[in-house]
Amino acid sequence: MRLVGTAESGDEDRSPRGWCALAAGQLGAGNPEAALASARRAAELDPGSEWAWRLVSLAHERQGRAADALAPAERAVRLAPGSWQAHLRLASALRRIPGRWEDAAGHAAQARAFAPEEPEPYVLAGDLALLRAEHGRARAAYLAALARDGGQSHARANLGLALLRWDRPRPHHDPAWPLDPRETGRARRALEVWTRQARLLAAAATVAVAAAALALDRGGLAQLGGLAVLLLLVPLTVRQARRVRVWTYVPAMLGRDPWLGAAVASAALSVTAFAAWLALGATPAVTSSLGPVWTGLAGIAVLGWPALAALRALADTWRGRPLRALDQFAGAAGERTARRNAGVTRWILLGRTWTALAPLVCLALVVQPRAAVAAVAVPYPLLRAYRRAPWREDRWLLAATSLTALGAAGCAAGGVLGHVWTYRAGLAALAAVAAVFGARAARAWWRGGPGPWRTSLIMSDLPMGAAPSVALSPEVRRAFAFARSVVLSYAGRDGPRAVGATATVSPSGELRLVAEADGPDGDPRVAVFAVDPLRQRFWVEVRGVAVPGSDVLSVTPTQVSVGRFPGRHQRR
C-alpha cells in the first residue's frame, strides 16, 4: 500500500500543480507579486484547482489588498466545500473585511470541525479572539494549537500577547461591528481632540486667572477672561461633535476602550471644575469660607490630565504576566515579531520593578530607613528573566537593569548600615534608570523604531491556507469511474457504519456520492472504498470530509491510499 496525493514535483513550467508549488515557494520567500502571477497561471491552466485560488487570495492579502483576496477565497470554498484549508483561507480573508468578523469566525469553526487534529484552525481562532481583546479565549485556542503541534511559533508569539493582555492599535473598535473601522476611527479622533482642547484650555485658563488675580490684582478682568474661555469651548465642542457620525456606537466604544472613556470623563470633569472654580471665585465671601474646595477645584482643572497619564502608565506597566509571556516568546525564537515583543516585554518588566522599588525606598526613608533592606529582593524577577533569556543585544536595557540592581543593593545597604552615602548612591542609580529609559524612548521616537512601551507590541500574522490540496491521480479517477461498487464508511450515532454508494469525480477532484442511506450527521470525516474491475485486485481508499448537498454528498479528499489484493500464489 502507498499514499498518494501529495504535491507533485513535475515540470513547474507546465503543470498547474507545479505553478502552485512555485507560487507557494515565492510566498514563503516574501515575493507576493511573483506568487500572484504564478498562482494566476495555475488557475488559468486548471480553473477547478482550489489550491490555485487559495494562493491567489493569499498573494493578494500579502500585498495588502484585502478586498481582492476575498473573491478567490470564496471560489476555493465553492470548488472544495469540505476543504479545511479553503475555509481557513476564507476566514483569514474575511477577518480583514469590515463587518465580516462573524463570518470569519464561522468559517474558522468549520475548519476546526473538518480538521480537529490540525493546529492552524485553532491558531486562527486565537487570532480572532485576540483581535477582540478576548484574552481568555485566545489563550485557550493557542494552547489547543500547541497541544497539537508544539513547534507552532506563531501560536507561541501570540500566546505571549494574550498573557500580556495586549490591545490592538484600535481597541475602541469591535471587529464584529458591521461598520467600517474608519468611521469609528474618525469618531475617536474627534473625541480625543476635544478632550485635549478642553483639558488644555481649562488648565491654562485656571493658571492664568489665578496669576492675574493673585499676582497682578486683576481679579475682575481675570474672571471675564475665564468666562471667555468657557464660551470658546462651546464652538469647539460643536465642531468636534459634528465629526462624530456614529453616536450610536460611542457608548460601546467608550466601554471597549476604558482609557478613551476616562479621557472624555476627565475632560468633562476638568471643564466642570473650572466653571465651578470661576463661580466660587466671583463671590469673595463664599471663596473665603470654602477655600479648600476652591483650591481642590483648581487642582482638578490643572492636574487632572497629568494624573490620568501617570495612572495609565502605571496600569499598563502592571497589566498582564510578563514573565510567562517571555517564556512563550523565547519558545518562538524564530519569529521576528516574537523577538521584538520579547524586548518590549523586558522593558515592561523593568518598569514594573522600578515602580515597585522607588516607592518602597522613599517610604522606608521617611518611616524607617532599616526597612529599605527589603529592596534587595525586588529586582529578583527581573534578574531571573535575564538568566532565562539574556538580552545582550539591547545595551540600553542591560544598563538600566544593572543600575536597578545597584540601586536596590545600595538602598538596602544604606538601610542596614545606616550610611547616608550608600543610600544616596542607591537613589542616584534609580534616578539614572529613569534617565536611561528617557534616552532610550527618545532614541526610538527619533528613529521611528519600537520604543520601550506597551504600544510597541505587535501581533504575529501567519499566512494561512497555502498548503497543497490532495490530488486524485489518473489511476484513482479511473477506479471510481469503472467501479461496480463503492463503499462509504463513516461514524454514525450508534457506531461505525458502511453503506453502498455510487461515485463520480468532479473536474476539481471532489467525489460526488449518492449513498444508499443518509450520510454522516456528526463527524464529517468519511472513508470511500472502491475496486477497479479493469485492473484486477487494484483498490483505492479516499479519506476526506463529506459535505451534504441537495441530492449528493460531496467529499473533499484529505488522504488517498491505493494497493492490490494478494493473488492466489500469495495466499497461504
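The values are calculated or read from the model by the stated rules, or taken from the named source; none is laboratory data. Remember, it's a predicted structure, so these values are computed and weren't measured experimentally. Every residue, glycine as well, gets a Cβ built from its backbone with ideal geometry; the counts of neighbours run over all protein chains shown. What goes into the accessible areas is simple: the full protein's heavy atoms, side chains included, and nothing from ligands, DNA or RNA. Shrake-Rupley method; radii C 1.70, N 1.55, O 1.52, S 1.80 Å.
For the range 359-498, the solvent-accessible area of protein heavy atoms averages 57 Å² per residue (probe radius 1.4 Å; ligands and nucleic acids excluded). Normalised by the number of residues in the chain, the average gap of Cα pairs under 8 Å and 6 or more apart makes the relative contact order 14 percent.
The distance from the alpha carbon centre of the range 294-342 to that of the range 120-185 is 19 Å, rounded to a whole number. Between the C-alpha center of the range 251-270 and that of the range 410-424 there is a gap of 44 Å. Of all the stretches in the chain, which is the longest one without any exposed loop site, taking GluC sites (Glu not before Pro) in a DSSP loop (any state but H, G, I, E, B) with at most 13 other Cβ atoms within 10 Å? After excluding every exposed loop site, the longest remaining stretch is 118-392. Per residue, the average separation of C-alpha pairs within less than 8 Å and at least 6 apart gives the range 358-437 a relative contact order of 33 percent. Given (1) 1.02; (2) 1.33; (3) 0.94, which label gives Cα Rg over 2.2 N^0.38 Å as computed from the coordinates? Only one listed value fits the structure, namely (2).
What is the percent carbon and sulfur in the accessible area of the range 128-282, measuring with a 1.4 Å probe over the protein chains and ignoring ligands? Here carbon and sulfur together make up 63 percent of the probe-accessible area. Spin-label pair residue 192-residue 324: with each label point 7 Å from Cα along the Cα-Cβ axis, the two points sit 3.0 nm from one another. The simple spin-label model puts a point 7 Å past each Cα toward its Cβ; for residue 31 and residue 417 those points are separated by 6.5 nm. Spin-label pair residue 236-residue 312: with each label point 7 Å from Cα along the Cα-Cβ axis, the two points sit 1.7 nm from one another. A straight chain from residue 109 to residue 362 at 0.36 nm per residue would run longer than the Cα-Cα distance by 85.7 nm. The alpha carbon gyration tensor of the range 410-541 gives principal lengths a ≥ b ≥ c with a/c of 1.5 or higher and a/b greater than b/c, which makes the shape prolate.
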